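Accompanying notes for the structure given below.
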Amino acid sequence: MKTDYEAIYLERAEDYDRLVDAEDCDGRLLPAIERVSKLAGADVLEVGCGTGRITRQLVRRGARVVGFDRAEPMLEVARQRLREIGDGGWTLHRADAEDLPVTPSSFDLAVAGWVFGHLRSWRAADWRAAIGRCLDAMHRAVRPGGALIVIETLGTGSERPHAPTPELAEYYAWLETERGFSRAELRTDYLFTDADAAARTMGFFFGPAMAERILQERWTRVPECTGLWSRAR
């Protein structure tokens, strides 16, 4: 049975936040973003900000972030977590990635983390057009000289980076060959206090097979490979 991610984002936002809070235990994602774009003082558009996992890192780095997500429960958690570090430097709004209410050429960087991979399955019949509209909206929002970043999984529970499905492999290749993005690969492992906590926290999102594997391996650190695709505006 496939995981109903849309239901998770609407009904289990706090569980999702606990999951993503355990990822990238070595802190490799933010330096990878900064290799593409300076963050201090930058205006950043975040598409599909979820519970604010990346948003918090960007704000702490001195960026001014405008974030969008279509799931209001995710935004509610994001606002709560962001208020813990202050009310300045961020605003969050509900909107779809294909129809962003932003002024053209108003951002230095646009980031979409773990967003468009869902459209590859949710919009299987016209995924190129759907994701293309999102990328075009990000492109319009960024000033000349700015950058676009797309972040996606390259394998949960995997020591070596690879597209988890043929569909994602097709999407990733399209990003590179048709849309002009360059890929960087990094490890963003999950870290938990014990294997039971790891299985419980990850199982609801990645399924019972992943939970069983974690228990069999007695993993407290679950390997995760991540791809960061970037392109200059």
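The values are calculated or read from the model by the stated rules, or taken from the named source; none is laboratory data. It should be emphasised that the depicted structure is a prediction, and the values quoted were computed from it without experimental measurement. Neighbour counts are summed over all protein chains in view; Cβ atoms, including those assigned to glycine, are modelled from backbone coordinates with ideal geometry.
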Just one listed residue, out of GLU98, GLU23, is modelled with pLDDT of 95 or more, under 20 Å from GLY117 (Cα atoms) and surrounded by 17 or more Cβ atoms within 10 Å (Cβ to Cβ), and it is GLU23
Could you identify the single residue in LEU45, LEU19, LEU30 that is in contact (Cβ under 8 Å) with a residue 24 or more places away in the chain, under 20 Å from PHE192 (Cα atoms) and within 15 Å of the chain's Cα centre (by Cα)? LEU19
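Here's the yes/no breakdown for (1) assigned to a strand (DSSP E or B); (2) modelled with pLDDT under 95; (3) under 18 Å from the mean Cα position of the chain (by Cα):
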{"position": "LEU58", "(1), (2), (3)": "no, no, yes"}
{"position": "ILE85", "(1), (2), (3)": "no, yes, no"}
{"position": "LEU109", "(1), (2), (3)": "yes, no, yes"}
{"position": "ALA112", "(1), (2), (3)": "yes, no, yes"}
{"position": "LEU135", "(1), (2), (3)": "no, no, yes"}
{"position": "PRO144", "(1), (2), (3)": "yes, no, no"}
Could you tell me which numbered condition ILE8 fails, if it satisfies all but one of (1) touching a Lys or Arg at 6+ places or on another chain (Cβ under 8 Å); (2) touching a residue at least 60 places away in the same chain (Cβ under 8 Å); (3) not in a strand (DSSP E or B)? (1)
From the residues in region 87-107 that are farther than 11 Å from ALA141 by Cβ and part of a loop (DSSP other than H, G, I, E, B), which one is nearest to the chain's Cα centre (by Cα)? ALA97
Search result, residues across region 133-155 that are surrounded by fewer than 21 Cβ atoms within 10 Å (Cβ to Cβ) and within 15 Å of HIS118 (Cβ to Cβ): ARG133, THR153
Anything in region 26-54 that is among the hydrophobic types (A, V, I, L, M, F, W, C) and either surrounded by fewer than 18 Cβ atoms within 10 Å (Cβ to Cβ) or assigned to a loop (DSSP other than H, G, I, E, B) (or both)? List them, or say none. LEU30, VAL36, LEU39, ALA40, ALA42, CYS49
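Residues checked against (1) surrounded by fewer than 18 Cβ atoms within 10 Å (Cβ to Cβ); (2) within 20 Å of the chain's Cα centre (by Cα); (3) touching a residue at least 40 places away in the same chain (Cβ under 8 Å); (4) in a strand (DSSP E or B):
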residue	(1), (2), (3), (4)
LEU175	no, yes, yes, no
ARG179	yes, yes, yes, no
ARG183	yes, yes, yes, yes
THR193	yes, no, no, no
ALA197	yes, no, no, no
ARG200	yes, no, no, no
GLN216	yes, no, no, no
CYS225	no, yes, yes, yes
SER230	no, yes, yes, yes
Residue check for ALA78: over 17 Å from ALA7 (Cα atoms), assigned to a helix (DSSP H, G or I) and at pLDDT below 95: no
Based on what the data block shows, is ALA169 more than 16 Å from the chain's Cα centre (by Cα), modelled with pLDDT of 95 or more and buried (at least 19 other Cβ atoms within 10 Å of the Cβ)? no
Take ALA78 and decide whether it is surrounded by fewer than 19 Cβ atoms within 10 Å (Cβ to Cβ), over 20 Å from ALA232 (Cα atoms) and small (Gly, Ala, Ser). no
Whether any residue in region 11-25 is closer than 15 Å to ILE149 by Cβ and among the β-branched types (Val, Ile, Thr) is what I want to check. no
Filter result (surrounded by fewer than 21 Cβ atoms within 10 Å (Cβ to Cβ) and not charged (D, E, K, R)) within region 55-65: GLN57, GLY62
